[in-house]
Amino acid sequence: VPLYLLLERGYISVAISQSPESFTAQLMLTFFYFVYYFHAVSLGLCLFNLIPLPPLDGSRILFAFLPPRYYFSIMRYERMIALALMLFLLTGANFGFLDVIASSVSGAMESVWRLLPIF
């Protein structure tokens with residue numbers, strides 16, 4: 001059975017045909033969810049990358065404050081730490097402490113966002 005016949009007879013309903021306002025509201029809601037989840041994933045990756053383990057950028061920040069001898073002694077093991085981190089992540093490790101940090105940072109960002117005169 002062709003799809004247009006099912007649509008024409010009403011066996012399949014389309015949200016667009018109900019009213020233009022509902023389509024616009026649905027489109028805005030979809031865009032909002034996209035931005036929300038994009039923000040959540042981006043913030044999670046940012047915080048994960050700041051963990052001070054040698055393959056991640058957080059170690060570069062930490063080592064900027066340490067003497068060079070500590071830097072070179074730890075960087076000898078960078079490949080092994082990277083492999084251990086990958087195995088740790090592949091086993092389904094949960095970084096629960098990142099959820100707490102991400103929710104507080106997200107709340108602070110939302111508070112600043114609400115101060116803007118646009119909203």
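Among the residues of the range 34-67, those identified as in a helix (DSSP H, G or I), of a type outside the set (A, V, I, L, M, F, W, C) and at pLDDT 85 or above are Ser42, Asn49, Asp57, Gly58, Ser59, Arg60.
Among the criteria (1) assigned to a helix (DSSP H, G or I); (2) modelled with pLDDT of 85 or more; (3) assigned by TED's automatic domain parsing to the domain that holds Trp113, the one Leu85 does not fulfil is (2).
Residues checked against (1) touching a strand residue (DSSP E or B) at 6+ places or on another chain (Cβ under 8 Å); (2) modelled with pLDDT of 85 or more; (3) in the same structural domain as Gly58 (by TED's automatic domain parsing); (4) not small (Gly, Ala, Ser):
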site	(1), (2), (3), (4)
Arg69	no, yes, yes, yes
Tyr77	no, yes, yes, yes
Leu89	no, no, yes, yes
Gly92	no, no, yes, no
Asp99	no, no, yes, yes
Ala102	no, no, yes, no
Ser106	no, no, yes, no
Val112	no, no, yes, yes
Ile118	no, no, yes, yes
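Consider the range 16-33 and keep the residues that are in a helix (DSSP H, G or I) and surrounded by 11 or more Cβ atoms within 10 Å (Cβ to Cβ). The one that is modelled with the lowest pLDDT is Ile16.
The values are calculated or read from the model by the stated rules, or taken from the named source; none is laboratory data. Computed from a predicted model, the values in this text were never measured in an experiment. No Cβ is skipped: glycine too gets one built from the backbone with ideal geometry, and neighbour counts run over all protein chains shown.
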